[in-house]
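Would you mind keeping the following structure in view while I ask a few things?
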Amino acid sequence: MELGLSGISGKTISMANQHLRLAFRVAIRTLTRHKGYTAINILGLTLGLCTCLVIYTITSYEFSFDRNHPDRDRIYRVGARIREDHGNGTRVEGYGNNIPAPAPEAVRAGIPLIETVAAFYPYRTSITIPPKNTRLKPTGTTIIADKNYFDIFPYTWLAGSPSQSLTRPYSVVLTQSRAHDYFGDLPAAQYLDREIIYDDSLRVRVTGIIKDYEGNTDFPYTDFIGFSTISHSFLKSTYRHDSWHFNPRVPGISAFIKLPPHVRPEQDTALLNALVQRELGTDAFMKLLDYSIVLQPLGDVHFNAGYTFDGIRKAHLPTLYSLIGAAAFILLLAIVNFINLSTAQALQQAKDTGIRRVLGATRFQLIRRSLAETFLLTVLSTIIALALVRPILFLFHDYIPANLPFDPLNPSILLFTLFIITITTLLSGSYPAISIARPATTRKYTLRSILVILQFSISLLFIIASLVVSRQLNYMLTADMGFKSNAVLTTTNFGVQPQQLRLFAQKALSIPGVQEYTLQGHAPAGMPGMEFPMLLDNRKDNDLEVGLQAADQQFIPFYKMKLLAGRNLLPGDSLREFVINDTYRKALGFAKPADALGHFLTWQEKTHPIVGVVADFHTGSLHTPIPSLAIARVENLDNSIGFRISLANRHTLPQLETLWNTTFPDHAFTYTFLDESIALLYKADLQLSWLVWFSTIITIFISCMGLIGLATFTAEQRKKEIAIRKVLGAGITNIITLLSRDFLALVTLALLIATPIASLILHRWLNSYAYRITLNWPIFALAGGLSLSITGLTIAFRVISAARQNPVDNLRSE
């Protein structure tokens with residue numbers, strides 16, 4: 001009996017496999033016979049699937065940072081929050097990743113609801129490897145860390161131990177790859193006790209080797225110098241560890257904490273702030289800043305652009321979510337397009353389907369055959385899409401993370417590919433399969449009309465968005481910043497005295513192509529600035545947080561700024577007077593620029609007169625209002641030089657670098673062009689613009705193919721009517737007008753649906769800019785005109801072939 005059941009079961013499986021192979025053979029023959037239909041469907045699916053794969057590659061990479069750390073949900077970065085009144089009617093909130101140097105030790109001793117505290121200083125310095133004294137440039141991956149760092153971020157230890165390796169002064173722990181770079185390929189134990197020289201004279205010895213972090217991280221540190229080295233070396237003059245109060249010349253410390261299980265961060269935040277406020281006491285500057293401590297989750301570090309100057313490349317979460325949404329919409333459009341084309345093609349296959357039904361084919365067999373066709377098309381489209389991902393990533397390399405990896409054999413990519421093949425096959429193939437298996441009805445046209453309205457509503461959303469985003473971006477990039485930034489090169493050096501920088505700048509004037517220079521704390525825009533409290537005429541009711549632009553007397557004429565009243569700064573090496581911007585003048589309550597002249601500002605307990613008022617200029621992007629600003633000659637804050645150079649002379653930059661290396665041999669020559677620095681302020685906006693335009697092109701293309709499907713269906717359905725009209729004398733133009741009328745009505749309806757939705761979304765987006773374009777009706781009219789034109793051309797392309805057919809062939813009896 002068991003053998004009999006086994007035989008029946010085996011026969012059933014064999015027959016099922018045979019039917020499946022037959023279904024695939026029939027599907028291959030059908031697809032080969034209708035090459036045009038197959039090519040269009042493959043093209044549409046390939047675009048949709050390739051877009052999904054590209055976006056999955058980008059988003060999965062961005063969301064993968066620091067995900068492999070154990071207990072990552074309990075790890076927080078200790079940050080600082082300030083709320084500044086810039087005198088322009090807004091109170092700006094800012095964040096920093098540094099806290100007062102004594103805070104980590106005080107937290108360890110005074111707050112019991114914390115499991116571990118780890119503190120460290122970034123240490124960007126030159127590196128020398130004895131005995132050959134091989135000199136390496138700073139990498140930015142060296143830190144001075146306490147031993148608790150490895151309690152929060154555990155590594156696999158290949159030599160040494162986490163409890164002992166950083167306890168002694170002059171010790172350093174290296175990653176395996178870094179040790180290999182320094183000393184060559186050796187067993188891990190043989191790296192121990194080798195010497196490294198940092199900053200020319202800090203001699204340390206290797207006490208531990210750890211395995212490199214596997215995965216993506218925002219903390220790619222490779223050299224971990226023991227914290228106790230500070231108190232035993234010249235580092236103690238820089239990294240003072242006893243002051244709670246702000247000092248721009250003393251770096252703050254970075255810290256992470258790990259919370260015990262079931263402890264909420266709000267509890268510790270309150271305790272941290274109580275401790276900090278108690279230690280700060282009556283510090284007027286910190287109180288004016290409304291200084292407080294915040295705990296930032298580890299998972300937020302890669303995305304929170306509020307922490308502007310922590311040296312971490314931030315991914316823009318709204319853009320990532322927009323990418324995911326765009327991928328879903330584009331895949332949906334590709335599926336809708338497939339349904340339109342498949343059901344239109346089904347009408348041409350009606351005779352073949354009828355013969356199969358007469359010969360005994362069941363509805364299930366017809367559905368299975370249709371799904372087999374869809375599966376084959378989807379698999380072929382996916383293979384082509386996978387091959388296109390790398391070229392597309394290379395094409396758009398300016399808008400995606402550098403060196404973005406893509407491995408089609410990666411398990412996550414394979415799993416995602418299998419997922420979209422399954423979803424696409426089921427969604428794309430189900431309705432066509434069912435429609436093929438049952439007689440055609442006029443109600444199918446209604447569904448197709450709904451699908452076309454859906455397609456073009458989405459396409460119009462993207463068209464309107466692309467027009468608005470492009471106009472706003474163009475407005476920002478071409479807006480008058482209030483100063484001339486063309487051909488300005490900025491170079492910065494914090495490690496030397498301003499007098500040395502000025503001497504370098506004066507020598508640089510002899511280089512052909514260098515036209516003029518200014519000594520400054522930083523460029524007027526595109527660079528981080530500093531804010532300080534200032535008092536007007538020593539009145540306590542007029543203290544505001546004011547941006548301080550350290551500059552010499554050449555700064556205002558160099559950038560072609562406009563003086564509204566008074567005069568420019570006089571030459572000098574110390575602070576004697578201020579020039580303020582017009583926003584600060586208004587914040588101080590003066591009706592006219594000239595009214596501010598002769599009044600006094602107090603900064604750091606020293607009082608100096610206001611001698612000029614300069615027209616407002618943007619210090620940041622157009623997202624934010626222009627802040628109150630004071631320009632002054634401040635001793636020891638001139639760390640940067642602005643050169644105006646001739647871009648036509650290709651020898652200028654090499655000669656500048658040669659002069660720099662001769663003057664400052666221990667400091668690498670780095671520079672930026674001011675226009676490029678300003679453009680970087682809009683990096684997220686440029687990425688969004690690229691995303692919208694890319695999505696718009698894809699959606700328009702797929703929607704046009706959907707229209708081709710519907711036009712094919714309509715032309716086939718009305719071929720006898722077309723033939724009769726041709727016999728009665730109708731021309732091709734009349735027939736195109738007749739068949740296009742319904743489609744244009746559908747697109748018009750889509751425009752009526754898309755316009756209010758787009759208006760609502762884009763109004764909210766534009767409100768994120770302090771300076772923005774006006775959203776008006778010509779934008780929507782242009783989008784509608786483009787959409788109607790595209791529709792008309794697409795329909796005409798397909799209908800002309802139907803209108804040119806011999807009417808006798810279409811009127812012949814079947």
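Quick test for you: out of PRO609, PRO654, pick the one residue that is without any contact (Cβ under 8 Å) to a residue 40 or more places away in the chain, more than 30 Å from the chain's Cα centre (by Cα) and more than 26 Å from GLU676 (Cβ to Cβ).
Of the residues listed, the single one that is without any contact (Cβ under 8 Å) to a residue 40 or more places away in the chain, more than 30 Å from the chain's Cα centre (by Cα) and more than 26 Å from GLU676 (Cβ to Cβ) is PRO609.
If ALA594 satisfies all but one of (1) free of Cβ contacts under 8 Å to residues at least 40 places away in the same chain; (2) outside any helix (DSSP H, G or I); (3) among the hydrophobic types (A, V, I, L, M, F, W, C); (4) touching a strand residue (DSSP E or B) at 6+ places or on another chain (Cβ under 7 Å), what's the number of the condition it fails?
Only one criterion is unmet by ALA594, namely (2).
Related question: Report the residue count in region 475-499 for those that are open to solvent by 30 Å² or more (accessible area, probe 1.4 Å), modelled with pLDDT of 85 or more and not charged (D, E, K, R).
Residues meeting the conditions: 2.
Here's something else I'd like to know. If THR46 meets every condition in (1) surrounded by fewer than 23 Cβ atoms within 10 Å (Cβ to Cβ); (2) over 19 Å from PHE375 (Cα atoms); (3) at pLDDT 80 or above apart from one, which number is that one?
It fails just one condition, (2).
How many of the residues in region 470-487 are assigned to a helix (DSSP H, G or I) and in contact with a Leu (Cβ under 6 Å, 6 or more places away or on another chain)?
To start, the set of residues in region 470-487 that are assigned to a helix (DSSP H, G or I) comprises 470-478.
Among the residues that remain, those that are also in contact with a Leu (Cβ under 6 Å, 6 or more places away or on another chain) are: 476.
Residues that pass the stated criteria total 1.
Next up: In region 148-164, which residue that is under 20 Å from THR217 (Cβ atoms) and either in a loop (DSSP other than H, G, I, E, B) or of a type in the set (Lys, Arg) (or both) is least open to solvent (accessible area, probe 1.4 Å)? Spell out how you get there, then give the answer.
As a first pass, look at region 148-164 and keep what is under 20 Å from THR217 (Cβ atoms): 148-158, 162.
Retained after the next criterion (residues that are either in a loop (DSSP other than H, G, I, E, B) or of a type in the set (Lys, Arg) (or both)): 148, 153-156, 162.
Values: ASN148: 27, PHE153: 4, PRO154: 61, TYR155: 36, THR156: 81, PRO162: 53 Å².
Result: PHE153.
Quick check on LEU744: is it out of contact with any helix residue (DSSP H, G or I) (no Cβ under 8 Å at 6 or more places or on another chain), surrounded by fewer than 16 Cβ atoms within 10 Å (Cβ to Cβ) and in a helix (DSSP H, G or I)?
Details: out of contact with any helix residue (DSSP H, G or I) (no Cβ under 8 Å at 6 or more places or on another chain): no; surrounded by fewer than 16 Cβ atoms within 10 Å (Cβ to Cβ): yes; in a helix (DSSP H, G or I): yes.
Considered against the rule, which asks whether it is out of contact with any helix residue (DSSP H, G or I) (no Cβ under 8 Å at 6 or more places or on another chain), surrounded by fewer than 16 Cβ atoms within 10 Å (Cβ to Cβ) and in a helix (DSSP H, G or I), LEU744 comes out as no.
Also, quick follow-up: Anything in region 184-203 that is charged (D, E, K, R) and either closer than 14 Å to ILE225 by Cα or buried (at least 17 other Cβ atoms within 10 Å of the Cβ) (or both)? List them, or say none. Lay out the reasoning, then the answer.
Within region 184-203, the subset charged (D, E, K, R) is 185, 193-195, 199-200, 203.
Of everything in region 184-203, those that are charged (D, E, K, R) and either closer than 14 Å to ILE225 by Cα or buried (at least 17 other Cβ atoms within 10 Å of the Cβ) (or both) turn out to be ASP193, ARG194, GLU195, ASP199, ARG203.
Now, a different point. Quick one: which of ARG576, ARG585 is part of a helix (DSSP H, G or I) and either open to solvent by 30 Å² or more (accessible area, probe 1.4 Å) or within 15 Å of GLY547 (Cα to Cα) (or both)?
Details: ARG576 fails: part of a helix (DSSP H, G or I).
That would be ARG585, the only listed residue that is part of a helix (DSSP H, G or I) and either open to solvent by 30 Å² or more (accessible area, probe 1.4 Å) or within 15 Å of GLY547 (Cα to Cα) (or both).
With in contact with a strand residue (DSSP E or B) (Cβ under 7 Å, 6 or more places away or on another chain) and in a loop (DSSP other than H, G, I, E, B) as the only criterion, which of LEU569, LEU548 stands out?
Numbers: LEU548 fails: in a loop (DSSP other than H, G, I, E, B).
Going through LEU569, LEU548 in turn, just one is in contact with a strand residue (DSSP E or B) (Cβ under 7 Å, 6 or more places away or on another chain) and in a loop (DSSP other than H, G, I, E, B): LEU569.
Here are some conditions: (1) open to solvent by less than 30 Å² (accessible area, probe 1.4 Å); (2) within 38 Å of the chain's Cα centre (by Cα). SER233 meets all but one. Which one does it not meet?
(2)
Going through GLU577, GLU545, GLU531 one at a time, which residue ends up being of a type in the set (Asp, Glu) and touching a Phe, Trp or Tyr at 6+ places or on another chain (Cβ under 8 Å)?
When all the criteria are applied, what remains is GLU545.
Same structure, new question: Can you give me the number of residues within region 280-298 that are modelled with pLDDT under 80 and surrounded by fewer than 16 Cβ atoms within 10 Å (Cβ to Cβ)? Quick ask: steps written out before the conclusion?
Taking region 280-298 as the starting set, the residues that turn out to be modelled with pLDDT under 80 are 280-290.
From what is left, the residues that are surrounded by fewer than 16 Cβ atoms within 10 Å (Cβ to Cβ) are 281-285, 287, 290.
Residues that pass the stated criteria total 7.
Determine whether THR602 is in contact (Cβ under 8 Å) with a residue 40 or more places away in the chain, among the hydroxyl-bearing types (Ser, Thr, Tyr) and either out of contact with any Leu (no Cβ under 8 Å at 6 or more places or on another chain) or over 30 Å from LEU136 (Cβ atoms) (or both).
Details: in contact (Cβ under 8 Å) with a residue 40 or more places away in the chain: yes; among the hydroxyl-bearing types (Ser, Thr, Tyr): yes; either out of contact with any Leu (no Cβ under 8 Å at 6 or more places or on another chain) or over 30 Å from LEU136 (Cβ atoms) (or both): yes.
Taking the combined requirement at face value, the residue satisfies it.
Okay, moving on. Are any of the residues in region 128-135 touching a helix residue (DSSP H, G or I) at 6+ places or on another chain (Cβ under 9 Å), under 19 Å from PHE219 (Cα atoms) and crowded, with 16+ Cβ neighbours inside 10 Å?
If we filter region 128-135 for residues that are touching a helix residue (DSSP H, G or I) at 6+ places or on another chain (Cβ under 9 Å), which is where we start, we get 129, 134.
Retained after the next criterion (residues that are under 19 Å from PHE219 (Cα atoms)): none.
The answer is no; no qualifying residue exists.
Same structure, new question: For region 638-651, give me each residue that is at pLDDT below 90 and open to solvent by less than 30 Å² (accessible area, probe 1.4 Å). Walk me through it before giving the result.
If we filter region 638-651 for residues that are at pLDDT below 90, which is where we start, we get 638-640, 646-651.
If the condition is that a residue be at pLDDT below 90 and open to solvent by less than 30 Å² (accessible area, probe 1.4 Å), then ASP638, ASN639, SER640 are the ones that fit.
Could you list all residues from region 264-279 that are among the hydrophobic types (A, V, I, L, M, F, W, C), open to solvent by 30 Å² or more (accessible area, probe 1.4 Å) and under 34 Å from the mean Cα position of the chain (by Cα)? Talk me through it step by step, then tell me what you get.
First, the residues of region 264-279 that are among the hydrophobic types (A, V, I, L, M, F, W, C): 270-272, 274-276.
Going one step further and asking which of them are open to solvent by 30 Å² or more (accessible area, probe 1.4 Å), we end up with 270-271, 274.
Within region 264-279, ALA270 is the sole residue that qualifies.
Looking only at region 500-522, count every residue that is part of a helix (DSSP H, G or I) and open to solvent by 10 Å² or more (accessible area, probe 1.4 Å) and tell me the total.
To start, the set of residues in region 500-522 that are part of a helix (DSSP H, G or I) comprises 500-508.
Checking which are open to solvent by 10 Å² or more (accessible area, probe 1.4 Å) leaves us with 500, 502-503, 506-507.
Matching residues across region 500-522 total 5.
Related question: Could you check how many residues of region 763-779 are outside any loop (DSSP other than H, G, I, E, B), more than 10 Å from VAL468 (Cβ to Cβ) and either among the acidic types (Asp, Glu) or at pLDDT below 85 (or both)?
Of the residues in that region, 2 qualify.
So, one more: Report, ordered by the first and then the second residue, all pairs with beta carbons closer than 6 Å, sequence separation of six or more or different chains, a first member in region 155-168 that is more than 23 Å from ASP71 (Cα to Cα), and a second member that is assigned to a loop (DSSP other than H, G, I, E, B).
Here the result reads ALA159/LEU192; THR167/LYS147, each pair linking region 155-168 to a residue that is assigned to a loop (DSSP other than H, G, I, E, B).
Identify the residue in region 70-93 that is open to solvent by 20 Å² or more (accessible area, probe 1.4 Å) and under 16 Å from ASN273 (Cβ atoms) and, among all such residues, is modelled with the highest pLDDT.
Checked region 70-93; the qualifying residue modelled with the highest pLDDT is TYR76.
Of these, PRO654, PRO665, which one is open to solvent by 30 Å² or more (accessible area, probe 1.4 Å), closer than 24 Å to ASN493 by Cα and assigned to a loop (DSSP other than H, G, I, E, B)? Working first, answer last.
Details: PRO654 fails: assigned to a loop (DSSP other than H, G, I, E, B).
Selected residue: PRO665, the only one of PRO654, PRO665 that is open to solvent by 30 Å² or more (accessible area, probe 1.4 Å), closer than 24 Å to ASN493 by Cα and assigned to a loop (DSSP other than H, G, I, E, B).
Each row is one residue, and each column tells you yes or no for (1) closer than 27 Å to PRO405 by Cβ; (2) not hydroxyl-bearing (Ser, Thr, Tyr).
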site: PHE153; (1), (2): yes, yes
site: PHE183; (1), (2): no, yes
site: VAL206; (1), (2): no, yes
site: SER228; (1), (2): no, no
site: ASP242; (1), (2): no, yes
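Additional query: Find the residue count for region 165-179, including only residues that are surrounded by 21 or more Cβ atoms within 10 Å (Cβ to Cβ) and in a helix (DSSP H, G or I). Even if it seems obvious, please write down each step before you answer.
So the first thing to find is which residues in region 165-179 are surrounded by 21 or more Cβ atoms within 10 Å (Cβ to Cβ), and the list is 165-166, 171-175, 178-179.
Imposing the further condition that a residue be in a helix (DSSP H, G or I) reduces the set to 178-179.
Selection size over region 165-179: 2.
List the pairs whose first member sits in region 459-474 and is modelled with pLDDT of 85 or more, whose second member is outside any helix (DSSP H, G or I) and open to solvent by 30 Å² or more (accessible area, probe 1.4 Å), and whose Cβ atoms are under 7 Å apart, counting only residues at least 6 apart or on separate chains?
Once the first residue is modelled with pLDDT of 85 or more and sits in region 459-474, its partners that are outside any helix (DSSP H, G or I) and open to solvent by 30 Å² or more (accessible area, probe 1.4 Å) give GLN472/ARG772.
Also: Which one is surrounded by the most Cβ atoms within 10 Å (Cβ to Cβ), of the residues in region 395-419 that are at pLDDT below 85 and in a helix (DSSP H, G or I)?
This residue is TYR399.
The values are calculated or read from the model by the stated rules, or taken from the named source; none is laboratory data. Please read all numbers here as calculations on a predicted model, not as lab measurements. Reconstructed Cβ throughout: ideal geometry from the backbone, glycine too, with neighbour counts over all protein chains shown. We work out accessible area using only protein heavy atoms, side chains counted, and drop any ligands, DNA or RNA first. Shrake-Rupley method; radii C 1.70, N 1.55, O 1.52, S 1.80 Å.
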